[in-house]
Each structure stands twice: as C-alpha cells, then as structure tokens.
Amino acid sequence: MIAELKSLNIELMVSIWPTVDKRAENYPEMLEKGYLIRVDRGMRTVMEFQGNTVHFDSTNPGARKFVWEKAKANYFDKGIKVFWLDEAEPEYTAYDFDNYRYHAGSNLAIGNIYPLEYARTFYEGQTAAGQENVVNLLRCAWAGSQKFGALVWSGDIASSWGSFRNQLTAGLQMGIAGIPWWTTDIGGFHGGDPNDEHFRELFVRWFQWGTFCPVMRLHGDREPHKPQHGTTGGATCTSGADNEVWSYGPEIEAICKKYMLLREEMREYTRGLMREAHEKGTPVIRTCFYEFPTDPKCWEVDDQYLYGNKYLCAPVLRAGCTSREVYFPRGTKWKLLGGSDVYEGGQTRDANCPLDTMPVFVRQDQ
C-alpha cells in the first residue's frame, strides 16, 4: 500500500501516540526498564482513552531508543518517513502534575520539556537512519522543539469564530517565540456540520486564512458522526462527517479551489520563507511591527499580519462581514492582490471582503 501511494506522489503519514496500553506486548518490558512515566501515589494509569494507558518517558534516553526502534521496524523500514506525533503535552485524565515523575525529574520541575524530547525521539532516529529534511507534526512544543523538525499544530480546538480569532494570535506568537513551523486545523477540530450555512461561512474564512499560514492543512471532526461499526478497539471512536472541500457545496468548493491554486502559485515563495526560517529563525507569518518596527501603528494592529515580507493579509474574523478596516504600514505602497487598487502606506482604509475574498495586498517596494 505504501509503495502504491508513493507511485501516486502521496506520502503516507502515520499517527503515533505516546501512550502504552497495559495489555500491550511491550508494556512489561517498558515497565521493568523504567521507560514509563511514574506516579508518586496511586495507580499508574494516566489515561483511560481506548484502554488503561501510561505514557512512555521521553526524557529517558533508553525509552526514546526503544520507542524509535519499534517505530523504525514497523513503519520507517516499510517506507513511512513522516509521523504525526499526537498527544505530545502529554495529556492526562487527571492533571495532578505533582504526582507524575519522569526520568529527568518531577513533572512540576521539567514537565514542559516532554514534547521537545518526544520530537527528539523521532528526529534523532530518522536522521541516524539517513533521512534528511525531517518534519513531523506535533500537538505541542517547547523552546528548542524547532531543532527537531517539529511542525506544531494548535491542537483540538473548537469550530467557532472565537477559536478562529485566537489562532491568529497563537500563530504570530509562536513565530515570535522562535517556532516558525506552525499550523492549525482549518475549520477547527471539534464540531461543525458541513451542511450548516453558518459553519460553511466560518470554514471558508478559515480556509482563506490557511492559504497564508506556514502550512495549509484541512482537518477536523465534523458532525454528524457516522454510525459505529464494531465494539472493540478503535471502533468505539466513531468517524466524523465528510470534510473534503467538495463536502461543503459547489459555492464553497469553488472558493476553496481558488485559494488552493493561489497557494500553489506561491509554492516557490513559500519555500523561500521556509529556507529563511531554517537559516535565520525568521517567522513565516509576521506581526506588522516585525516588518515595520518604526511605525507606531504597527505595534497596535493585532488582526492583520504579513506572510513573509511581501503579502499583507487581513483575515475576515467575524460572521457576516463583507468589509473590514486594513491599516497599510508606512514606507511603501500596497497593491490589492488580483486587482489594480494601490494604497499609500500610513493610512487605514476599508477593504471589501465578500465571501469569496480575503483582503490581501502586495508590497510594492520590492
């Protein structure tokens, strides 16, 4: 199957969770060797999702080696070269942080490095096996995670306008913090019915914004869920509704197609931004003050940003919005993407934004 997908230019990604079920064949050995997170009190069961599970201890070099060797034998050696490292915080059923103890120390002292060491587990294994250009998707990060090929996504967020607005802030701050490879579930993860006109509006606005994010990625658990098949294993986690762009009706599909083609047109530009991020740590999506630090207004604007240094992006963050204010930073002119209108920097103007359009402007001094 993997070979067949590769022949179609499709790269298969495998989702890995750091949890180990107590019934798993590897559990006794990992327990005996100290490869699992311990507890100072009570039973060592930290999650009950699809079984009683314990997390492997990513701060333990032996545990990292053990987990990678299993992943290598069962996935990497079969052709899998990219991994979805989910649940990287890690998530607990009960967040009694004072109760969990890692190889490197107590959770209270060092718990935040777990996602970094989780990313290291696969990065070091992949590079040692000869792979170059390692990029793995993780649900959490810490300072330094970018060294280990971590593409961070913002987690299982709500499908709501408030959540959408939060993603803009989160992505810009992640870049400023030195983690430029960042993405989000377009449309949010929890909820959203593709047949609901209100959700369709949110979805298409999110999709437009996703075009000008470091990674454009569609994912979500849509409603209504499909009927359950079977009673064991993953069967208890029912599948969500269809979430392809054509699942939202012909009007939305046409808008999404327009923006997918636009993203494709920017392929080489985006690759340049990724190179810059790799070599200099430069954010891919940038606050206005990052590019225009001497413009006082750029330190106040928080609902628009730049994709690289060329595109000024003004996402539509409210329902029913058909126009929005855009501030044009000083020192250059700005031309409407796909249009002829040109605006002098240093002014705020209204920009039209019917459903099929997110206002984007091209910097003219380059």
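The values are calculated or read from the model by the stated rules, or taken from the named source; none is laboratory data. The structure displayed is predicted, hence computed values, not measured ones. Please note: Cβ atoms are built from the backbone with ideal geometry, for glycine as well, and neighbour counts cover all protein chains shown. The accessibility values were calculated without ligands, DNA or RNA, using every heavy atom of the protein model including side chains. Shrake-Rupley method; radii C 1.70, N 1.55, O 1.52, S 1.80 Å.
Taking the stated definitions as given, is K72 surrounded by fewer than 17 Cβ atoms within 10 Å (Cβ to Cβ) and farther than 26 Å from T93 by Cβ? No, not satisfied.
Restrict the check to region 324-344 and report whether at least one residue is of a type in the set (D, E, K, R), free of Cβ contacts under 8 Å to residues at least 12 places away in the same chain and under 23 Å from G171 (Cβ atoms). There is no residue in region 324-344 that is of a type in the set (D, E, K, R), free of Cβ contacts under 8 Å to residues at least 12 places away in the same chain and under 23 Å from G171 (Cβ atoms).
Could you please let me know if R120 is assigned to a helix (DSSP H, G or I), among the charged types (D, E, K, R) and crowded, with 19+ Cβ neighbours inside 10 Å? Spelling it out, R120 is indeed assigned to a helix (DSSP H, G or I), among the charged types (D, E, K, R) and crowded, with 19+ Cβ neighbours inside 10 Å.
Farther than 24 Å from T184 by Cβ, open to solvent by 40 Å² or more (accessible area, probe 1.4 Å), β-branched (V, I, T) and not in a helix (DSSP H, G or I): is that true of T93 in this structure? It is true that T93 is farther than 24 Å from T184 by Cβ, open to solvent by 40 Å² or more (accessible area, probe 1.4 Å), β-branched (V, I, T) and not in a helix (DSSP H, G or I). Considering A109, A71, the condition of being aliphatic (A, V, I, L, M), out of contact with any Gly (no Cβ under 6 Å at 6 or more places or on another chain) and in contact (Cβ under 8 Å) with a residue 24 or more places away in the chain is satisfied by A71 alone.
For region 311-331, a residue qualifies if it is surrounded by fewer than 17 Cβ atoms within 10 Å (Cβ to Cβ) and assigned to a loop (DSSP other than H, G, I, E, B), and the qualifying residues are R318, A319, G320, C321, T322, R330, G331. For T294, are the conditions met, namely being touching a Pro at 6+ places or on another chain (Cβ under 9 Å) and within 17 Å of L306 (Cβ to Cβ)? Answer is no for this residue.
Within the option set Y269, Y248, being closer than 30 Å to F49 by Cβ, open to solvent by less than 60 Å² (accessible area, probe 1.4 Å) and of a type in the set (F, W, Y) holds for one residue only, Y248.
Of the candidates G62, G51, the single residue that is among the small types (G, A, S) and assigned to a loop (DSSP other than H, G, I, E, B) is G51. Among the residues of region 273-297, the ones that are in a helix (DSSP H, G or I), surrounded by 13 or more Cβ atoms within 10 Å (Cβ to Cβ) and among the acidic types (D, E) come to 2 in all. Residues that are open to solvent by 40 Å² or more (accessible area, probe 1.4 Å) and touching a residue at least 40 places away in the same chain (Cβ under 8 Å) were ranked within region 175-194; the one that is nearest to A119 (Cα to Cα) is W181. Screening E223 against (1) modelled with pLDDT of 95 or more; (2) among the charged types (D, E, K, R); (3) surrounded by 16 or more Cβ atoms within 10 Å (Cβ to Cβ) leaves a single unmet condition, (1). The residues of region 32-57 that are open to solvent by 30 Å² or more (accessible area, probe 1.4 Å) and within 21 Å of A73 (Cα to Cα), listed by number, are K33, Y35.
Scanning region 66-86 for residues that are assigned to a strand (DSSP E or B) and touching a Lys or Arg at 6+ places or on another chain (Cβ under 8 Å) yields a total of 1.
The requirement of being outside any helix (DSSP H, G or I) and under 23 Å from E244 (Cα atoms) is fulfilled nowhere in region 163-181; no residue meets it. If the condition is being loosely packed, with under 14 Cβ neighbours inside 10 Å, of a type in the set (A, V, I, L, M, F, W, C) and more than 21 Å from M43 (Cβ to Cβ), then region 98-114 contributes only A109. In the set G171, G125, only one residue is farther than 28 Å from D221 by Cα and open to solvent by less than 60 Å² (accessible area, probe 1.4 Å); that residue is G125. Pick from region 134-168 the residues that are touching a helix residue (DSSP H, G or I) at 6+ places or on another chain (Cβ under 9 Å) and of a type in the set (D, E, K, R): which of them is most open to solvent (accessible area, probe 1.4 Å)? Checking each candidate, the answer is K147.
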